[in-house]
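Computed from the coordinates by the stated procedures, all read-outs in this text should not be read as laboratory data. If you're wondering where the values come from, they're calculated on a predicted model, not measured in any experiment. In this analysis, Cβ positions are derived from the backbone assuming ideal geometry, glycine residues included, and neighbour counts consider all displayed protein chains.
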Amino acid sequence: MSEFTMDEHFEIFYHDEGFGPPIYSETVSEEIIKKYQKKLPNQLLEYWKAYGFSGWGNGLFWLVNPEDYQDVLDVWLENVELPPHEEYFVFARSAFGDLIIWGTIHGRCLKISSVTNQIFPNMEEMEQGEEDFILRNYISTPNKKTFDFKDWKNKPLFDRAVKKYGELNKNETFGFEPALILGGEAKLENVRKLPIISHLQFLASLDTPRMMLDIGKFVDEQGLGKDD
């Protein structure tokens, strides 16, 4: 790990929300850093330099190499209507196969829930120079419940899945067999530790994902939350 001064947002993530220390860290090459300069926030690249591509919260949340997920992302977005002239990159993912997407125009703009076959948009255009603020704000906002998945009794599954199957490695995800979209049930006994890339490709092949309501855009369009 390189020398790194932890900002207050990462302090919240690491200490206050209890995601640190990382359970895994893979050094990021200078070649990859250069590849994503001006495409991803400098702040994210600084996190990469300090902690690498890494697993956090006992493997609940991962900062990932976008290269590893580009083909999968292309499949998930293939039949989805999105704004033109924007590049999209997976920069983080959850233990249950949620993909967190950065867009070069809209910042942290999409979350793909592979388990439920849904895409949650947040397509608010960034102002110039806002990238690092958006990234830091994203890192400090979630807690562990954000990335967990609840079973059919509305109880979180992650800790129980780790206890039963062991920690995930960087190439694994918790998934359901049968998949929920095929009628499977969200029960611990149906959870499996699966290769993440092939499993995400399989889930993407089952049906076109549903684009959900962009809450921020809806609020703006309806004039909600504005002072009279």
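The figures follow:
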| read-out | value |
| --- | --- |
| Positive-pole candidate from T146, L135, T104, dipole of segment 98-218, charges at beta carbon | T146 |
| In sequence order, calculated HN-Hα J values of segment 171-178 (Karplus, 6.51, -1.76, 1.60; Hz; x Gly/Pro) | 9, 10, 9, 8, x, 10, 10, x |
| Order of E81, E130 - criterion: other Cβ atoms within 10 Å of each residue's Cβ, fewest first | E81, E130 |
| Given charges at beta-carbon only (K, R positive; D, E negative), |dipole| of the chain in Debye | 1080 |
| Mean Cβ neighbour count within 10 Å, used as a protection proxy, ranking 88-96, 173-181 highest first | 88-96, 173-181 |
| Length-normalised contact order for the chain - Cα pairs under 8 Å, 6+ apart - percent | 20 |
| Placed amide H near G52: partners under 5 Å, 5+ positions off or other chain | V28 |
| J(HN,Hα) series, segment 41-55, from Karplus relation 6.51 cos²θ - 1.76 cosθ + 1.60, nearest Hz, glycine and proline x | x, 4, 4, 5, 4, 5, 5, 4, 4, 7, 10, x, 6, 9, x |
| Gain upon complete extension [R192, E125; 0.36 nm per residue less C-alpha separation] | 20.3 nm |
| Relative packing of peptides 39-46, 108-115, 19-26 - highest average C-beta neighbours within 10 Å first | 108-115, 39-46, 19-26 |
| Per-pair calculated FRET efficiency, R0 = 30 Å: L82 and F202 via Cβ, rounded to 0.05 | 0.85 |
| Cα-based reach from K150 at 30 Å (exclusive), listing lysines while leaving out same-chain residues under 8 positions away | K111, K163, K164, K170, K187, K193, K217 |
